[in-house]
Amino acid sequence: MMLGAHDALGAAIERALVITKDGHGLPQLMTLGAELHESAHPVPDERSLAAGERLLRWVDELPAHVEPLFLISGGSSSLVEVLESGTSFADLERLTAEGLAAGIAIGELNARRARHSLIKGGRLSARLRGRPARALFISDVPGDDPAVIGSGVLGPAPDGVDNVERTVVASVDHAVAAVAAAAVEMGLAAESSPRRFEGDVMRLAVRFSHELHLSTVEVRVWGGESTVQLPEQPGKGGRNQHLGLAVARLIAGHPDLLLLAAGTDGTDGNTANAGSLVDAETCARLTLSGIDADSSLRRADSATALAVSGDLVHTGPTGTNVGDLVIGLKLSADAGREVRRR
């Protein structure tokens, strides 16, 4: 987003502060003179609080003649925070970890975090004290509501004058449309789901597998964000790897079916993997290696299993975050093997 702003505004940018997740701070940002802070995601740590304090100072130090431009992406809830008096970092850490473990929908989790924040829920907007500003959002939440994106870090001020112009510039709908268009350009028949998916990952695995079985086109595309209920001591993985492994059990023995599930930011859960690409033989490869897919799912250890079956997808940081993409392929066995080779 910062690189895009520089392309559009160039020398008109007087100063820039970039707060992003570990490993996502592109070297080009430093050459542009941006102040870069890498922080934690999906669970905040002490750097999140340091980034929040820096953000407050940055806003307070803005010269009177400048109009601030805020670029807000999914993931902001964890990356930056200033806690209200009486709330400790341990409280925030517990709230986030428990919410993720319980599979709480992102909108509800963000609302809970905002109640304990001095910058979320529109409070940072209020700190501008009526100053004109613009905010551009890349949305990873249902409804694309600025009051929910990043727990409302640049949502409408709860009271007082608010002169922030807000625009959602990208969402998972754009990503879904782009995937479908790319499939058509490759000569494949494609169809995308008109509604974003959400909810329990195991239920979604059944839905996607069923729709893929019944599909009359070669490519089906879904966009959204699932939730996973974690055991007390989860293993390695993320919701997209969990989804892929769950689907693999349901498409076993169907050589014409493949399914990709991936996070658009290039990371998934507590791993550096974007997600997984599974096929009809994923479970067979696991069985030959002595790994039980059901047990791996119960332990939320999908990454370990999929590493053995060779079904992990690693893209590295993509520079964006609009939620998750699921792409189902219904191809001939030969075409499916060609996809795996690529």
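If a residue has to be closer than 28 Å to Asn270 by Cβ and modelled with pLDDT of 85 or more to count, how many in the stretch 1-33 make the cut? Reasoning before the result, please.
If we filter the stretch 1-33 for residues that are closer than 28 Å to Asn270 by Cβ, which is where we start, we get 1-3, 17-30.
Checking which are modelled with pLDDT of 85 or more leaves us with 1-3, 17-22.
Total satisfying the criteria: 9.
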Handout entry: From Ala126, Ala180, residue being assigned to a helix (DSSP H, G or I) and assigned by TED's automatic domain parsing to the domain that holds Ile72
Key = Ala126
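Answer yes or no: is there a residue in the stretch 89-109 that is among the charged types (D, E, K, R), assigned to a loop (DSSP other than H, G, I, E, B) and over 20 Å from Lys21 (Cβ atoms).
Going residue by residue through the stretch 89-109, those that are among the charged types (D, E, K, R) are 91, 93-94, 98, 108.
Filter once more, keeping what is assigned to a loop (DSSP other than H, G, I, E, B): none.
No: zero hits.
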Handout entry: Residue match in the stretch 62-79 (condition: farther than 27 Å from Asp200 by Cα, among the charged types (D, E, K, R) and in a helix (DSSP H, G or I))
Key = no
Fill in the blank from the handout: Of the conditions (1) of a type outside the set (Phe, Trp, Tyr); (2) assigned to a loop (DSSP other than H, G, I, E, B); (3) under 23 Å from Val219 (Cβ atoms); (4) free of Cβ contacts under 8 Å to residues at least 40 places away in the same chain, the single one that Ile291 does not satisfy is (3)
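Tell me the residue from Thr267, Thr227 that is among the hydroxyl-bearing types (Ser, Thr, Tyr) and either outside the structural domain of Ala307 (by TED's automatic domain parsing) or touching a helix residue (DSSP H, G or I) at 6+ places or on another chain (Cβ under 8 Å) (or both), please.
From the options Thr267, Thr227, the qualifying one is Thr227.
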Practice task
Confirm whether Gly150 is on the phi > 0 side of the Ramachandran plot, assigned to a loop (DSSP other than H, G, I, E, B) and crowded, with 18+ Cβ neighbours inside 10 Å.
Solution key: no
Completion exercise
Counted residues in the stretch 298-328 being aliphatic (A, V, I, L, M), surrounded by 22 or more Cβ atoms within 10 Å (Cβ to Cβ) and more than 25 Å from Gly74 (Cβ to Cβ) come to 1
Practice task
Only residues that are charged (D, E, K, R) and either at pLDDT 95 or above or farther than 18 Å from Val228 by Cα (or both): list them for the stretch 113-144, please.
Solution key: Arg113, Arg115, Lys120, Arg123, Arg127, Arg129, Arg131, Arg134, Asp144
Problem - Failed condition for Pro317, given (1) in contact with a helix residue (DSSP H, G or I) (Cβ under 9 Å, 6 or more places away or on another chain); (2) in contact (Cβ under 8 Å) with a residue 24 or more places away in the chain; (3) not polar (S, T, N, Q) - result: (1)
Problem - Residues located in the stretch 154-198, provided they are among the basic types (Lys, Arg) and touching a Gly at 6+ places or on another chain (Cβ under 6 Å) - result: Arg196
Fill in the blank from the handout: Per the list (1) among the acidic types (Asp, Glu); (2) under 20 Å from Pro231 (Cα atoms); (3) buried (at least 18 other Cβ atoms within 10 Å of the Cβ), residue check on Glu98 breaks on (3)
Practice task
Would you mind finding the one in Val168, Val161 that is closer than 27 Å to Leu62 by Cβ, among the aliphatic types (A, V, I, L, M) and assigned to a loop (DSSP other than H, G, I, E, B)?
Solution key: Val161
Exercise for the section: At least 2 residues that are over 13 Å from Gly328 (Cα atoms) in each: list the strands (runs of 3 or more DSSP E) lying fully within the stretch 194-278 that qualify. Expected result: 197-200, 219-227
Completion exercise
Going through the stretch 126-154 in order, the residues found to be within 18 Å of Ala51 (Cβ to Cβ) and more than 19 Å from the chain's Cα centre (by Cα) are Arg127, Ala135
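Do we have Leu49 as touching a residue at least 12 places away in the same chain (Cβ under 8 Å), closer than 26 Å to Gly143 by Cα, in contact with a strand residue (DSSP E or B) (Cβ under 9 Å, 6 or more places away or on another chain) and in a helix (DSSP H, G or I) here? Don't jump to the end; show me each part of the working.
Numbers: touching a residue at least 12 places away in the same chain (Cβ under 8 Å): yes; closer than 26 Å to Gly143 by Cα: no; in contact with a strand residue (DSSP E or B) (Cβ under 9 Å, 6 or more places away or on another chain): yes; in a helix (DSSP H, G or I): yes.
So Leu49 fails the test.
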Handout entry: Matching option when the condition is of a type outside the set (Asp, Glu), surrounded by fewer than 23 Cβ atoms within 10 Å (Cβ to Cβ), closer than 30 Å to Gly25 by Cβ and in contact (Cβ under 8 Å) with a residue 40 or more places away in the chain, among Gly275, Gly266
Key = Gly266
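The values are calculated or read from the model by the stated rules, or taken from the named source; none is laboratory data. Note that the structure is a prediction, hence the values are computed from the model and not measured. All Cβ positions, even for glycine, are placed from backbone atoms using ideal geometry, and neighbour counts span all protein chains on display.
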